[in-house]
Each structure stands twice: as structure tokens, then as C-alpha cells.
Amino acid sequence: MASCSLLMISVPANTTGFIMDDTGIELTHTVSSIRAFTMAKYEVQYSDWATVKAWATGNGYTFANPGLKGDNGARTDQHPVTAVSWRDSIIWCNAASQKDGLTPVYYSDAGFSVVQKTSSGTGSIIGAAGSGTIDFPFVNWSANGYRLPTEAEWEYAARYINGSAFTPGNYASGASADTTVFAATDLVAWFGNVVNGTTGNAVTTNPVDTKAPNALGLYHMSGNVYEWVWDWNGSYTTTTPYTDADTIGPATNTLRIRRGGSWNDAAPVVRSASRINAISPFQAFPSIGFRPVRRP
């Protein structure tokens, strides 16, 4: 069975507690532990999106959005796919899993027998917690298929250095100084607009491997495109669910989190702890893509 070309990077487990948003801009809190996982080395590039989508549409899957080749649809296959919704992203993950002979993660039933295969462009939240709809799927967290990272997994991977040291939350992922230092941010992130009187380095998306990677070898965790994560939006607290082991965030809301900032954002937005501008799971913009994870 032919596989998609995702290259996955191992992210070690954390057993001593990971401090999220150490800047305190949101609210500093400690996730008690995070299991090991693997994360895509790059944001999903258009060629991978298209390959899996072509297979998927011949195998009972449907997508609400076709996806764009980069920010305007006219970039190269190596640019990240954009203009895909949260719904499209989880459906693609299921399709990529089945295509690669892995166990899908998202289902319509609690018994994990009916795989979610249909996205929706409906401009409202569908269903409620525990209903098994596209917005509230049943999730087999132990399955070995592709899925969206949790917000905690995403930030942990973005800031990881060696397991005991982490990049500060006000730095871009992999940077050596905070986002007010243009030269440091420029090495690792594509971003736009102006910071401290200096013009950003991007006016479009760029190929997925064109800046330096972080300590784990992950490219463009900051900038280029926002990346969808699993979690519903909610204000951080120093209690459950945000402090739980392998936290998956709130059970319900109307907005899903996206992380990392984009080519169209000023440098402070691409800091690795930033979580501004959550949006609805049916929305899709040319500044948003995604990056899957899976169990080792």
C-alpha cells in the first residue's frame, strides 16, 4: 500500500510536568505529563494534501474545501496546503491513516467502528459533546493513526530543547531570542507586517523547509501558516482540564485553537506560547494549514 510522504519526528514523553505559557501572558500552568508521540516534520504540503485527498475521494471521503496550493492557490506543491478547515483536517487525517494501513482516530460512534469520513461546510456547530458529529467526534486516543495534536502537545514540541530545557514562550520555535529580535526570529520563521519598525520577511507562504528547524528538527512551527490543533478554545486555568495528564482541553465550545502564527502576522504573534484568534471549526483561510501527529 502506497503511503503519503509525511516524515515524522519522535517527541519524547514528559513525566515531570510541562509548564505552558511560561510568559504568563495567557496563564502559566503545568500539564502533569505528556505521552510520547511523533509529529510531522513539516506542515502538510500541498502535494501530500492532494495525494491523500485524491485517494480519499475514491474511498468514500468528502471534504468541504478543496485546499489551496499556498496562500493564493498558485504556489508550488512544496508550499503548505491552506484554506482547509478544522473539519477538513481531521477527515484528511483519517484518510491518510487508512491509506497508510493505520488505525483511524476519529469516529461517529463510541465503539470506534464507524470512521468519520465527511467534512461539512455548514456555518454552525454541529451536535454537542458525546454526539459523534464532525465537530464532536469520538476519539480513539490510543490509535496509531494520524490526528491533530493537542494544544499541549503542540506547544511542548514547539518549545522542546532537551526535555529539561525549553525555549521561552515569547520566542519563536527554535529561536535564540524573543520575537522583538528580528534577526533571531528571521532564522526560524516566516512572518509579516512590522515589528519594532522592521518589515517582516514574508508576503506569501513559503515552501515547508526553508527556515531553520527547532531542536527536535521540526520546521516552521512558528510562522508560514497557522496550524490547527485539537482543542476547543477556553481560558487557561491552573486546574483541570488544563493540568490533566495528556490534557485535551475543554469538552465543548464554539471555537477551535490554531497555533504558530502565519506569513501574514507580525512577529509577536509567532511566539511559541501564543494562542490568539481561535476560530470556528468550519472556517478556512489562506493563512491556516495543519501538521499531524500520531502515536509512536
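The values are calculated or read from the model by the stated rules, or taken from the named source; none is laboratory data. Since this is a predicted model, take the numbers as computed values, not measurements. Cβ coordinates were reconstructed from backbone atoms using ideal geometry, including for glycine residues, and neighbour counts include every protein chain displayed.
For residues in region 242-261 being over 18 Å from residue 120 (Cα atoms), among the charged types (D, E, K, R) and within 14 Å of the chain's Cα centre (by Cα), which is surrounded by the fewest Cβ atoms within 10 Å (Cβ to Cβ)?
The qualifying residue surrounded by the fewest Cβ atoms within 10 Å (Cβ to Cβ) is 259.
Test residue 212 against the stated conditions and say whether it is assigned to a loop (DSSP other than H, G, I, E, B) and under 20 Å from the mean Cα position of the chain (by Cα).
yes
What number of residues in region 215-239 are closer than 26 Å to residue 190 by Cα, in a loop (DSSP other than H, G, I, E, B) and of a type outside the set (A, V, I, L, M)?
The qualifying residues number 6.
Being more than 25 Å from residue 74 (Cβ to Cβ), of a type outside the set (Phe, Trp, Tyr), at pLDDT below 95 and not in a strand (DSSP E or B): is that true of residue 183 here?
Against the criterion (more than 25 Å from residue 74 (Cβ to Cβ), of a type outside the set (Phe, Trp, Tyr), at pLDDT below 95 and not in a strand (DSSP E or B)), residue 183 qualifies.
Within region 135-144, is there a residue that is more than 29 Å from residue 22 (Cβ to Cβ), part of a loop (DSSP other than H, G, I, E, B), in contact with a Pro (Cβ under 8 Å, 6 or more places away or on another chain) and not polar (S, T, N, Q)?
yes
If you take the residues of region 262-280 that are of a type in the set (Gly, Ala, Ser) and in a loop (DSSP other than H, G, I, E, B), which of them is surrounded by the fewest Cβ atoms within 10 Å (Cβ to Cβ)?
Only one residue tops the list, namely 266.
Which of the residues belonging to region 22-72 are in a helix (DSSP H, G or I) and among the hydroxyl-bearing types (Ser, Thr, Tyr)?
Taking region 22-72 and keeping what is in a helix (DSSP H, G or I), we get 46-57.
Those that are in a helix (DSSP H, G or I) and among the hydroxyl-bearing types (Ser, Thr, Tyr): 46, 47, 51, 57.
Does any residue of region 240-252 turn out to be closer than 22 Å to residue 285 by Cα and part of a loop (DSSP other than H, G, I, E, B)?
Within region 240-252, not a single residue is closer than 22 Å to residue 285 by Cα and part of a loop (DSSP other than H, G, I, E, B).
Would you point out the residue of region 74-96, among those that are in contact (Cβ under 8 Å) with a residue 60 or more places away in the chain and surrounded by fewer than 24 Cβ atoms within 10 Å (Cβ to Cβ), that is nearest to residue 233 (Cα to Cα)?
83
Among the residues that make up region 44-56, is at least one of them surrounded by fewer than 23 Cβ atoms within 10 Å (Cβ to Cβ), touching a residue at least 24 places away in the same chain (Cβ under 8 Å) and among the hydroxyl-bearing types (Ser, Thr, Tyr)?
Yes.
Only one residue in 224, 214 is at pLDDT 95 or above and at negative phi. Which one? Reasoning before the result, please.
Values: 224 fails: at negative phi.
The match here is 214.
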